[in-house]
Amino acid sequence: MKKKISIISSAFNEQENVWELHTQVKAEMAKYADKYDYEQLVLDNASTDGTLEELRKIAAQDTHFKVIANARNFGHIRSPYYGILQCSGDAVIYMASDLQDPPALIGQFLAKWEEGFKVVLAQKTQSKESVLFFAVRRFYYWLLNLLNDSGAQLPANCTGFGLYDKCVVEELRRLNDPYPYLRGLVCELGYSRALVPFVQPTRKRGFTKNNFYTLYDNAMIGFTNHSKVPLRLAAMGGFILGGISLALAFVYLILKLLFWNKFPMGTAPILLGVLFFSSVQLFFIGIIGEYIGAILTQVLKRPLVIEKERINFK
């Protein structure tokens, strides 16, 4: 009996890419038709262009192709994660719908999976995006691993593009995380893992949906899910700065008493001190707020996605 491979992508306003995505995935899976059956699932995140109409046309021509239309845009984290949980294959391959995650890597994923690895992640060794942007990403992963106290080493420049065995997907279903950091979560579970290096191509059609907020959101989820170090730095920083402030105040008082006329009470040093300590306080309050927000998301337990329609499901 053939093993079943599920290939899942999430799409928002990718009308220009979904046909090419389907064509490339179909061509790759045809190479392994003697060993694997497959399904391709695309979640439409309430696109405002013609993406859903194009997905309907593909589904009408290919019974392997399935579509879930979301009731609204549930974002770049919840929608693809929900799609992974809906797959029924012996292994699930997640890739972005903009073709910056090349379907040509499917064969390498399957080869590593057959070797026994439960998680196979694509790792960007180079990217044709901005050099500065790629450098910022590298710095982020370095800092995340530096502050990571979960015990799980997170591989740099892995976005979640890769293969996950069904036992991993079952564990993700059991965890029922309402806002997961997928690439970190699968590493923390401890399953055997392989990395497949690749050079990320540039986007050829359409426009990226990532912006400062989505990138910041991903970054903060990584920190709050895998490290308590920022909170401890806030606490230690508060103690240290408080001690320094008390010592300086004591020194200034002694000097003022000994040299009354030589140490006038100027307003500039006071204002600078107030501004400095206020900014430090706001920074640490922001860190604490991120953790509180993460806790609130977990407590609310809102559904990952609300579906509007399913196409080609039996």
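Quick notes on this structure:
- Greater than 18 Å apart at Cα, pairs in K3/K31; K26/K112; K3/K308; K31/K314; K31/K118; K166/K301: K26/K112; K3/K308; K31/K314; K31/K118; K166/K301
- Between L233 and Q281, the contour length at 0.36 nm per residue exceeds the alpha carbon distance by 16.1 nm.
- Likely footprinting exposure, C167, C87, fewest C-beta neighbours within 10 Å first: C167, C87
- For the range 1-149: rounded, prolate or oblate by the Cα gyration tensor [a/c cutoff 1.5]: oblate
- Pairs of Cα atoms in the range 70-130 fall into 10 Å distance bins, from 0 up to the last occupied one, in shares of 16, 45, 31, 8 percent.
- Taking chymotrypsin sites (Phe, Trp or Tyr not before Pro) across the range 274-314, the ones in a DSSP loop with at most 16 further Cβ atoms lying within 10 angstrom of their Cβ are F313.
- Counting other Cβ atoms within 10 Å as a rough exposure proxy, the listed residues D165, D90, D62 run D62, D90, D165 from fewest neighbours to most.
- Residue order, fewest to most surrounding Cβ atoms within 10 angstrom, among Y36, Y164, Y94: Y36, Y94, Y164
Bear in mind these aren't lab numbers, they're just calculated from the coordinates by the rules spelled out. Here the structure is a predicted model, which means the values were calculated and not measured. Neighbour counts run over all protein chains shown; Cβ positions are idealised from the backbone, glycine included.
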